[in-house]
Amino acid sequence: MSLFSLLRGKSWPKTSRGAGKILVAFASQTGAAEAIAWRSANALIGAGRFVRVAPLGSLDPAQLAEAGTLLVVTSTYGAGESPDSARAFVRRHMGSRANFSGIAFAVLALGDRKYDATFCQFGRGLDRWLATGGGRRLFDVVCVDADDDDAAMARWCEQLSRLGARCSVESLMPGAPQDWVLAERRLLNPGSAGGESWGVALTPKNPAHLSWTAGDIAEVWPRNDPAEVEAFITRHELDGATLFKWKGHWTALATILAMSRLPADHEVAGISVQWLVERLEWLGSREYSIASLPEDGCMELLVRKAVKDDGSLGLGSGWLVATCPVGGIVSLRLRPNPNFHPPGDGPLILIGAGTGMAGLRVHLKYRARKGLKGAWLLFGERGRADLYYREELAAWQQDGTLARTDLVFSREHDPRRYVQHLVTEAGGDIRDWVTARGAAILVCGGVKMAAGVETALAAIVGEDALEVMTQDGRYRRDIY
Ligand SMILES: Cc1cc2nc3c(=O)[nH]c(=O)nc-3n(C[C@H](O)[C@H](O)[C@H](O)COP(=O)(O)OP(=O)(O)OC[C@H]3O[C@@H](n4cnc5c(N)ncnc54)[C@H](O)[C@@H]3O)c2cc1C
Ligand SMILES: Cc1cc2nc3c(=O)[nH]c(=O)nc-3n(C[C@H](O)[C@H](O)[C@H](O)COP(=O)(O)O)c2cc1C
């Protein structure tokens, strides 16, 4: 790749403005859109195009209008909103019409159809805003449903090819999952009044895969109960070892069946194996915040067992905490999540609840290894039985990695109190840490908790200051 072809920054070099130049802007919460943006840019660079890649949130309309061609890759978050990093962009610029009359543009919108009413809403809105400003739409917004939408990615790829890119769907998407061994699992909250939370330790078959950064995410591809798959294969007299091209990779039939909804017998009666494979419905992947560092020698996850009304287990959590045998293989893909990487070595406030402890713990581990002292943890759970990693937390409090730990157990209070109440009560100190000491804030856990915490933080430091902190990477969230 030519150094002159791929630039990351706010403006074009003076000699390279104007038509013919491609700007790839991205807005991403958990790294998926960002990764596709870079891969799309690489495909264009491979064809000799001059490409610049930049976070949408670091740009303004005038900078967008400087591009000959603008490609935006974005996800949708919250309830149809932008990822955090583009929130200031939306507030400052998207309320009014800008002038994009000189540019051609296209939008790749990542989303998930389970958010029915707001599917890809931010990407679609961005597409409309660019068109309203007079931009020439190269092609209709391409909406991608979760991580299993090859047809949409093929459309994006085809359009990139028209811009000269050399690409295939496989080259734009993350690689195949890797084989990890479920080495150990342990119930971390025995006696809890709430759901079970398990510590799950995994080791990669290939030691080279033991490599990630604090804040990254594990995508787990759940499987059916191995006994059910075996019974299906036997019942239908199939050869589980036969290889088929599946999701871009040669995969054994037994593995494909393990990762797909197993059809009822009447659904498969009389059909060929090839047709069966084509009709199988993938179980999808589930994301988990990684709770350990590669230096720990294994990947640890903190998984809440999801139990449905009929007593059956959630697919992803059930696979990790119950169905997969210890010693069994877990298909797992690492996803870099730059938006939740360590925000520097300065003072840090960590706020979270429930399994959000996973994403906070890994940052405390990171700081402990670097000898960074004085972080502040605010954490909430149902009861004292749910205080995960309590010995570690005590040790960090002892050695100064943690300067302060504020805990709240909701069930011990009437009315219930949650971590956002802790934040409000500690408002004066939080303001002091943020404004006088320049502390960064990390939030990890469920969206409801995160919304409550954000309201409390905005009341303490002010909405504008929080927005600036987001832009500067001093307010980072890993929420779900
Ligand atoms: C960034 C992030 C980090 C997370 N970190 C953690 C963590 O550290 N610990 C933790 O316990 N949980 C975490 N989660 C939640 C986790 O990913 C699962 O949602 C949770 O374990 C329940 O999943 P399940 O498969 O057990 O339940 P299920 O009920 O089987 O599935 C849960 C949800 O997955 C979606 N889904 C269903 N089918 C498909 C499909 N075919 N393809 C894709 N999605 C589908 C649906 O929205 C469904 O409601 C995180 C989520 C995100 C987004
Ligand atoms: C908390 C949360 C809220 C989401 N809200 C929406 C939504 O409103 N509409 C939608 O289409 N997708 C929604 N999604 C799905 C994401 O857009 C999708 O997972 C996307 O691939 C994430 O890309 P990113 O990693 O670049 O942020 C949401 C995902 C999460 C975890």
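Values quoted throughout were computed directly from the atomic coordinates according to the rules given, and no laboratory measurement underlies them. What you see is a predicted model, and the numbers here were worked out from it, not measured in a lab. Because the Cβ atoms are built from the backbone with ideal geometry, glycine has one as well, and the counts that use them run over all protein chains shown.
Within the range 77-146, report the trypsin sites (Lys or Arg not before Pro) that DSSP leaves as loop and that have at most 13 other Cβ atoms within 10 Å. Walk me through the numbers before you get to the answer.
Numbers: sites: Arg87, Arg91, Arg92, Arg97, Arg113, Lys114, Arg124, Arg128, Arg136, Arg137; in loops: Arg97, Arg113, Lys114.
Those that pass, being in a loop and sparsely packed, are Arg97, Arg113, Lys114.
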Three-way shape label, the range 174-326, alpha-carbon gyration tensor, a/c 1.5: oblate
Length-normalised contact order for the range 6-172 - Cα pairs under 8 Å, 6+ apart - percent: 23 percent
Within the chain, helix-based [θ] at 222 nm, where runs of 4 or more DSSP H residues each add -39,500 (n - 2.57), nearest 500: -8500 deg cm²/dmol
Dipole in debye (nearest 20) - the range 342-479, about Cα centre, beta carbon charges: Lys, Arg +1; Asp, Glu -1: 420 debye
Percent of alpha-carbon pairs separated by more than 21 Å within the range 323-443: 45 percent
Near-label residues of the range 432-447 by backbone N, under 18 Å of a point 7 Å along Cα→Cβ of Asp472: 432-443
Virtual spin-label span in nm between Glu392 and Glu158, 7 Å along Cα→Cβ: 4.8 nm
Förster-model FRET efficiency, 51 Å R0, Glu184 and Thr118, C-beta, rounded to 0.05: 0.85
Signed unit charges on C-beta, dipole axis of the chain, positive-most listed residue Ala54, Cys444, Ala98: Ala98
Calculated FRET value between Arg411 and Val447, using beta carbons and R₀ = 25 Å, to 0.05: 0.75
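So if each residue of separation counts as 0.36 nm, and I subtract the Cα-Cα distance between Lys305 and Glu425, what length gain in nm does that give?
Contour length minus Cα-Cα distance gives 40.0 nm.
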Zone residues, the range 310-344, relative to Ala208, backbone N less than 16 Å from point 7 Å out along Cα-to-Cβ: 334
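Can you give the FRET efficiency to the nearest 0.05 for Thr435 and Glu267, using r as the Cβ-Cβ distance and R₀ = 56 Å?
The calculated FRET efficiency here is 0.35.
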Proximal lysines relative to Lys308, as straight alpha-carbon distance under 26 Å, when same-chain residues fewer than 8 apart are discounted: Lys114, Lys448
Cut-off under 5 Å, modelled amide H: who pairs with Ala306 long-range: Gly314, Ser317, Gly318
Fully extended contour minus Cα-Cα distance, from Leu138 to Asn99, at 0.36 nm per residue: 12.4 nm
Reach of Lys21 by Cα under 19 Å, taken over lysines that are not fewer than 8 positions away in the same chain: Lys10
Qualifying trypsin sites (Lys or Arg not before Pro) in the range 167-223, DSSP loop, other Cβ atoms within 10 Å at most 14: Lys205
Estimated vicinal HN-Hα couplings, Hz - the range 319-325 in sequence order (Karplus 6.51, -1.76, 1.60; Gly, Pro = x): 5, 6, 9, 9, 6, 6, x
Relative contact order [Cα under 8 Å, 6+ residues apart], the chain, whole percent: 13 percent
In Hz, Karplus ³J(HN,Hα) per residue of the range 93-100 (6.51, -1.76, 1.60; θ = phi - 60°; x = Gly, Pro): 10, 7, x, 10, 7, 10, 9, 10
Aspartates and glutamates with Cα under 17 Å of Lys373, excluding same-chain neighbours fewer than 8 positions away: Asp345, Glu392, Asp399, Asp406
